[in-house]
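The values are calculated or read from the model by the stated rules, or taken from the named source; none is laboratory data. This structure is a prediction, so every number in the text was calculated from the model and none was measured. Using ideal geometry, Cβ is built from the backbone for each residue, glycine included, and neighbour counts are taken over all protein chains shown. Areas reflect the complete protein model, heavy atoms only, side chains present, ligands, DNA and RNA absent. Shrake-Rupley method; radii C 1.70, N 1.55, O 1.52, S 1.80 Å.
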Amino acid sequence: MIAEVIVNSTANELDKTFDYNIPEGLNVELGMRVLVPFANRKVFEVGYVVGLKETSEFRCKSIVKIVDQIFDDERLNLAQWISKKYFCNLAESIRLLVPPGTSTNLNRVKEKTEKVVHLNLDADFSKIKSEKQKKVIDFLIDNISAPKVVLKELTDASDAIIKTLEKNGYIRLTDEIVFRNPFACKDISCSSKLKLTEEQEKVIKNIALNKFEKYLIHGVTGSGKTEIYLQLIEDVLKSGKSAVVLVPEISLTPQITDRFLARFGKIVAILHSGLSVGERYDEWHKINSGEAKIVIGARSAIFAPIKNVGIIIIDEEHDSSYKSDNLVKYDAKEVAERIAYVNNVPIIFGSATPSINTYYNALNGNTKLLTLEKRISKSGLPNIEIIDMRDELATGNKTVFSRKLYRAMKDAISKKEQIMLFLNRRGYSTFIMCRDCGHVVKCEECDVSMTYHSEENKLICHYCGKTKEVMNVCPMCTSKNIRYFGTGTQKIEAEIKKYFPEASVIRMDVDTTRVKNGHEKIINKFRDEKIDILLGTQMIAKGHDFSNVTLVGILAADSSMNIGDYRANEKTYQLLTQMAGRAGRGEKKGTAIVQTYMPDEFCIQCVKKQDFTEFYKNEINVREKLNYPPFYDIIVSVISGSDEEKVKNEAMALYQLFAENFTPYSPVPAPISKISNEYRWRILIKDNLGDEKIELLRETIKKYRKIQNAELKVTIDVNPNNML
Ligand code: ADP
Ligand code: ZN
Ligand code: ZN
């Protein structure tokens, strides 16, 4: 027999199968990881068996060793589908599917083991004289075996005693796997099924569990979507199947995982980037062995080896974190849809602010639309007020708090109600400019302005992390008229302390959440210690449910409007609505105050009216007029490298190739033209990528890879998150 093997390498020229003999007695099967001799290399290479056949036209070397079974047919097909769909090598897509810690080499994470002591039942214990030894044996006669630490604790036995007993054949020690439990430190109470409201009931009735179908649950914030997910999953489990739930960057929303743990307990596995590799490895194996029946995780959890999937749920489906910007630029929503389709099971998208694309699908019959219009809590949706910051300036208010927000905050603090303040910029000042010559201090390696951080007292580049010393004179013209402009979360924190000295405040942004479980610690502190104000970047907008928050302040609604992206309106609408939705989730009515310099923008107006449908109608017209998704796909190719001239030439070469079959825009420097000393050029194509076009695109890329300058990096991304 011959095995077709993909070598674990991302080199383009190795993106094909190689034939290997299967030696007598080696039980090689599809989906196995094996060691093979390769080229003239001194060490064996890791390979994946992706096909088996009787004969080969080549003279083949032999497989030397089986490492393990990594995937089955279905997952191999998925890897193949991914590599086609996202223009990557098969080895790259396979890496998405293998256990954590094993992707690049064989140094897989060790299972965590502990010593367990067992009684040798056929030994003659009557010969034991020592009281201390007898105590151990008596304990083991009752318990047969016990972890060594437990045994020592309960019998006061020393290591020496245990060793003697082992030497004399009375007991035996083994290493046994213990699962690291990422929620060991949590105390979660149990919850049972709630009686559904009429609206919820109707949604559940409309979902068929036994066939492939796409559903969108469009339910306002706090309308009971999560309870629907829980009950759907309960039904799925009853039929013996399992469930996958994707949530945005899960470490940000411990509250949602807690609800699943409370309802389903041990059969829940959680996968996210906040876990250590060891913890992820354990969770992966809990899923692979079938012990876990529910997987909750951020985007990459879609690759978990779940068996017999019965439903896939994508919560907060509008969230941009489902699309990967890494090596394989996959969209977890598309991968999920593929898995649901192959398994013939339903896929549920849920959101209070659906993405324009998903909503378009729902209105055009490709996805079933189910709606929840009411909040569960009696207080209903929050009031949303828009404040025109130009008026504030005109009346002499130069602070970051409008008069209305200031009064509302004072009021809430005095009533011991909590406040969330949102600002989408971290750091202290967001740029540094010379008033005389207009010079803006930039990171030389990244071509973006540097941000002043007061805690470190340094200028920091948010792209590469490089720092610079604070400066008081302009590096260009040596004028002393250099000023710090713009407001970040650190500055707001200082302002809060100045204007609300009576209030306690906690800040949540990239800078305060670097430690393990950093988000959770801040969230818990805010909730449990009743801190008056939680101040943060978009991290605080997602999924949190605090019943005592009655006031939400959005300090600068415009910051997401000027991001140079065709989705600016969509993102602003989502962010503001989600953020406002954090107010008034308990008994008391909530208020959201939105500060802006563009109060008349239709997207801000729709936020105020809480009218998604109107927003959608307006936005979809714009998209259609300008040939944007969902009508057209946007294909972005970025060419980068340290030699600007080479980058430019390469961009031209790629452009020529694209132009044979498509209508690309001429190559231009990317909006951020340099990151970490790599120059970046961009080619943009708008086209409708049906099956044929996608094949054509794939062919073009293949052709290009053959002539590609290996010094440069070229990425191809369809409908990327980031147009910069
Ligand atoms: P969403 O996911 O739409 O934001 P949740 O499922 O979190 O909404 O529900 C909001 C709140 O209402 C939660 O505290 C939840 O426990 C509660 N809730 C949901 N469904 C019901 C129900 N049928 N009866 C009583 N309370 C409910
Ligand atoms: Zn200057
Ligand atoms: Zn930089």
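Counting only residues that are farther than 29 Å from TRP681 by Cα and within 16 Å of ligand 2 (Cβ to nearest atom), which one in the stretch 435-457 is least open to solvent (accessible area, probe 1.4 Å)?
ASP436
Please state which of the following conditions ASP72 fails to meet, knowing it meets all the rest: (1) among the charged types (D, E, K, R); (2) out of contact with any helix residue (DSSP H, G or I) (no Cβ under 8 Å at 6 or more places or on another chain); (3) more than 20 Å from ALA336 (Cβ to Cβ).
Result: ASP72 fails condition (3) only.
Could you list, in sequence order, all residues of the stretch 685-722 that are touching a Pro at 6+ places or on another chain (Cβ under 7 Å) and over 14 Å from LYS85 (Cα atoms)?
ILE685
Checking the structure you have, find out if any residue of the stretch 432-454 is in contact with a helix residue (DSSP H, G or I) (Cβ under 8 Å, 6 or more places away or on another chain) and either under 25 Å from VAL594 (Cβ atoms) or within 16 Å of ligand 1 (Cβ to nearest atom) (or both).
No, the conditions are met nowhere in the stretch 432-454.
Within the group LYS416, LYS404, which residue is assigned to a helix (DSSP H, G or I) and in contact (Cβ under 8 Å) with a residue 40 or more places away in the chain?
LYS404
Quick check: is even one residue across the stretch 638-645 within 26 Å of the chain's Cα centre (by Cα), more than 25 Å from ILE694 (Cα to Cα) and not hydrophobic (A, V, I, L, M, F, W, C)?
no
Where in the stretch 111-177 are the helices (runs of 4 or more DSSP H), entirely inside, with at least 1 residues that are at pLDDT below 85 and surrounded by fewer than 13 Cβ atoms within 10 Å (Cβ to Cβ)?
131-143, 148-155
Are there any pairs with C-beta distances below 8 angstrom linking a residue in the stretch 503-522 that is of a type in the set (S, T, N, Q) to a residue that is open to solvent by 40 Å² or more (accessible area, probe 1.4 Å), with the two at least 6 apart or on different chains, and if so which?
Qualifying pairs under 8 Å: SER504/GLU529.
For residues that are farther than 17 Å from ARG567 by Cα and open to solvent by 20 Å² or more (accessible area, probe 1.4 Å), scanning just the stretch 311-336, find the one that is farthest from ligand 1 (Cβ to nearest atom).
If we take residues in the stretch 311-336 being farther than 17 Å from ARG567 by Cα and open to solvent by 20 Å² or more (accessible area, probe 1.4 Å), then LEU327 is farthest from ligand 1 (Cβ to nearest atom).
All but one of (1) among the hydrophobic types (A, V, I, L, M, F, W, C); (2) in contact with a Phe, Trp or Tyr (Cβ under 7 Å, 6 or more places away or on another chain); (3) open to solvent by 20 Å² or more (accessible area, probe 1.4 Å); (4) modelled with pLDDT of 90 or more hold for CYS60; which doesn't?
It fails just one condition, (4).
In the stretch 396-416, which residues are farther than 20 Å from ILE492 by Cβ and either within 16 Å of ligand 2 (Cβ to nearest atom) or open to solvent by less than 50 Å² (accessible area, probe 1.4 Å) (or both)?
None; the set is empty.
Can you name every residue in the stretch 204-243 that is within 30 Å of LYS588 (Cα to Cα) and either part of a loop (DSSP other than H, G, I, E, B) or within 16 Å of ligand 2 (Cβ to nearest atom) (or both)?
VAL220, THR221, GLY222, SER223, GLY224
Pairs, please: C-beta under 9 Å, at least 6 apart or cross-chain, first residue aromatic (Phe, Trp, Tyr) and in the stretch 134-157, second surrounded by fewer than 16 Cβ atoms within 10 Å (Cβ to Cβ) and assigned to a helix (DSSP H, G or I)?
PHE139/LEU154
Quick one: which residue in LEU654, LEU697 is of a type in the set (A, V, I, L, M), in contact with a helix residue (DSSP H, G or I) (Cβ under 7 Å, 6 or more places away or on another chain) and under 20 Å from ASN12 (Cβ atoms)?
LEU654
If ARG95 satisfies every condition in (1) open to solvent by less than 70 Å² (accessible area, probe 1.4 Å); (2) in contact with a strand residue (DSSP E or B) (Cβ under 8 Å, 6 or more places away or on another chain) but one, which is the exception?
The single condition ARG95 does not satisfy is (2).
Quick one: what pairs do we get from the stretch 357-377, first residue in contact (Cβ under 8 Å) with a residue 40 or more places away in the chain, second crowded, with 16+ Cβ neighbours inside 10 Å and of a type in the set (Lys, Arg), C-beta under 7 Å, 6+ apart or different chains?
Cβ pairs passing all conditions: ASN366/LYS214; THR367/LYS214; LYS368/LYS214; LEU372/LYS225; SER377/ARG585.
Pick from the stretch 417-434 the residues that are open to solvent by 20 Å² or more (accessible area, probe 1.4 Å) and away from ligand 2 (no atom under 16 Å from the Cβ): which of them is nearest to TYR406 (Cα to Cα)?
GLU417
Residues checked against (1) within 16 Å of ligand 1 (Cβ to nearest atom); (2) touching a Cys at 6+ places or on another chain (Cβ under 9 Å); (3) under 26 Å from ASN621 (Cβ atoms):
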site: TYR341; (1), (2), (3): no, no, no
site: GLY350; (1), (2), (3): yes, no, yes
site: PRO354; (1), (2), (3): yes, no, yes
site: GLU373; (1), (2), (3): yes, no, yes
site: LYS378; (1), (2), (3): yes, no, no
site: ILE384; (1), (2), (3): no, no, yes
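So, in the stretch 458-495, exactly how many residues are open to solvent by less than 80 Å² (accessible area, probe 1.4 Å) and part of a loop (DSSP other than H, G, I, E, B)?
Going through the stretch 458-495 one residue at a time, the tally reaches 15.
May I ask you to list the residues in the stretch 30-57 that are open to solvent by 60 Å² or more (accessible area, probe 1.4 Å) and within 17 Å of GLN80 (Cβ to Cβ)?
LEU52, LYS53 - these are the residues of the stretch 30-57 that are open to solvent by 60 Å² or more (accessible area, probe 1.4 Å) and within 17 Å of GLN80 (Cβ to Cβ).
Among the listed residues THR226, THR221, identify the single one that is at pLDDT below 95, open to solvent by 20 Å² or more (accessible area, probe 1.4 Å) and either under 22 Å from the mean Cα position of the chain (by Cα) or under 22 Å from SER321 (Cβ atoms) (or both).
After applying the criteria, what remains is THR226.
Could we say that GLU502 is open to solvent by 50 Å² or more (accessible area, probe 1.4 Å) and within 16 Å of ligand 3 (Cβ to nearest atom) here?
no
Going residue by residue through the stretch 646-667, is there one that turns out to be in a loop (DSSP other than H, G, I, E, B), within 21 Å of ASP565 (Cβ to Cβ), in contact (Cβ under 8 Å) with a residue 40 or more places away in the chain and not assigned by TED's automatic domain parsing to the domain that holds LEU327?
no
Take the conditions under 13 Å from HIS544 (Cα atoms), open to solvent by less than 50 Å² (accessible area, probe 1.4 Å) and modelled with pLDDT of 85 or more and apply them to VAL247. Does it pass?
yes
Out of curiosity, is MET389 within 17 Å of ILE554 (Cα to Cα), aliphatic (A, V, I, L, M), within 16 Å of ligand 1 (Cβ to nearest atom) and not assigned by TED's automatic domain parsing to the domain that holds TYR679?
Answer is no for this residue.
Looking at the stretch 496-519, can you tell me whether even one residue there is more than 30 Å from SER642 (Cβ to Cβ), assigned to a strand (DSSP E or B) and within 16 Å of ligand 2 (Cβ to nearest atom)?
no
Can you say whether PHE349 is open to solvent by 10 Å² or more (accessible area, probe 1.4 Å), closer than 30 Å to LEU90 by Cβ and under 22 Å from the mean Cα position of the chain (by Cα), as far as the supplied structure shows?
Yes.
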